[in-house]
1. Does residue 208 fit the bill of being within 20 Å of residue 265 (Cβ to Cβ), touching a residue at least 24 places away in the same chain (Cβ under 8 Å) and touching a helix residue (DSSP H, G or I) at 6+ places or on another chain (Cβ under 9 Å)?
2. Using the structure shown, decide if residue 257 is at pLDDT below 95, within 25 Å of residue 148 (Cα to Cα) and touching a strand residue (DSSP E or B) at 6+ places or on another chain (Cβ under 9 Å).
3. Tell me, which helices (runs of 4 or more DSSP H) wholly within the stretch 89-204 include 2 or more residues that are buried (at least 18 other Cβ atoms within 10 Å of the Cβ) and modelled with pLDDT under 95?
4. Somewhere in the stretch 3-10, is a residue at pLDDT 65 or above and either farther than 30 Å from residue 193 by Cβ or surrounded by 10 or more Cβ atoms within 10 Å (Cβ to Cβ) (or both)?
5. Can you find even one residue in the stretch 238-251 that is crowded, with 20+ Cβ neighbours inside 10 Å, closer than 23 Å to residue 62 by Cα and touching a residue at least 12 places away in the same chain (Cβ under 8 Å)?
6. Which one is surrounded by the most Cβ atoms within 10 Å (Cβ to Cβ), of the residues in the stretch 205-218 that are under 20 Å from residue 74 (Cβ atoms) and more than 15 Å from the chain's Cα centre (by Cα)?
7. Search the stretch 182-200 for residues that are over 21 Å from residue 73 (Cα atoms) and pair each with any residue that is crowded, with 19+ Cβ neighbours inside 10 Å and at pLDDT 90 or above when their beta-carbon atoms are under 6 Å apart and the residues are at least 6 apart or on different chains.
8. Scan the stretch 32-53 for residues that are touching a helix residue (DSSP H, G or I) at 6+ places or on another chain (Cβ under 6 Å) and part of a loop (DSSP other than H, G, I, E, B) and jot them down.
């Protein structure tokens, strides 16, 4: 028994050493391409950490909010932001836990981001703004517009998650998963696997884009870099997402929205029409549009088609 324990202890120490050096190798090479710049943007000193954002153009304000995932960032809007800035003052942020913004070691919840949007509009934009958001980020944009209706004018949500999915509560295994991801060496090692270049390539070719041949290596490398900015601190957001801590039941909030609201779906996204119908059932005046031959990120895959709807 004693020998078994000694063997297990040695194996554990050896595995820890291997993971430690593997982590260091990833951290030393992940940002070498330097695709994410900071010299063209600003930092908003929010109460929970610095928030990176860019501002360009002239006209009515428009806030662009990328999908919430550690590898995401405001680079999601690179193909449309210049055109939008011709008629808007465009603000694009890196959400906390993503890209160049702070990545606090916390459990991320929906209200955390709802407060960020409210504070950002108050402190930075300083006037009511239109919002365009992707994926699960549409949920806290909905909550912010519901709680602070005077701060938001028009809402455009690209491929929002279904209301039923957003109503899912944290999993029974969420605490265990979070405790594993919180471990400095093991959690970081697992995070680097989930956010590896192979995983990001899979996401783009199988989930984000309809036509995988349109995915550029630069876009994938930018997402990889975003996930590794501030080393492995994105693992706390990843654990919160997988544990459903970000979810919030938006049924009441969405049904009560008074702003002009539009939903845009990639036509080839699974269950797009069912999700659209569920939102229109909550708020019948909601406009719905589809972009053919696209999935999750039509603004990267077919930017001209998306711009025609905004």
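The values are calculated or read from the model by the stated rules, or taken from the named source; none is laboratory data. Please read all numbers here as calculations on a predicted model, not as lab measurements. Glycine also receives a Cβ, built like all others from the backbone with ideal geometry; neighbour counts cover every protein chain displayed.
1. For residue 208, the condition - within 20 Å of residue 265 (Cβ to Cβ), touching a residue at least 24 places away in the same chain (Cβ under 8 Å) and touching a helix residue (DSSP H, G or I) at 6+ places or on another chain (Cβ under 9 Å) - is met.
2. On the way: at pLDDT below 95: no; within 25 Å of residue 148 (Cα to Cα): yes; touching a strand residue (DSSP E or B) at 6+ places or on another chain (Cβ under 9 Å): yes.
It is false that residue 257 is at pLDDT below 95, within 25 Å of residue 148 (Cα to Cα) and touching a strand residue (DSSP E or B) at 6+ places or on another chain (Cβ under 9 Å).
3. Those helices (runs of 4 or more DSSP H) span 174-182, 184-194.
4. Just the residues of the stretch 3-10 that are at pLDDT 65 or above, to begin with: none.
Checked against the condition, which is being at pLDDT 65 or above and either farther than 30 Å from residue 193 by Cβ or surrounded by 10 or more Cβ atoms within 10 Å (Cβ to Cβ) (or both), the stretch 3-10 yields no hits at all.
5. Yes, the conditions are met somewhere in the stretch 238-251.
6. It comes out as 209.
7. Qualifying pairs under 6 Å: 187/235.
8. Within the stretch 32-53, 33, 35, 36 meet the criteria.
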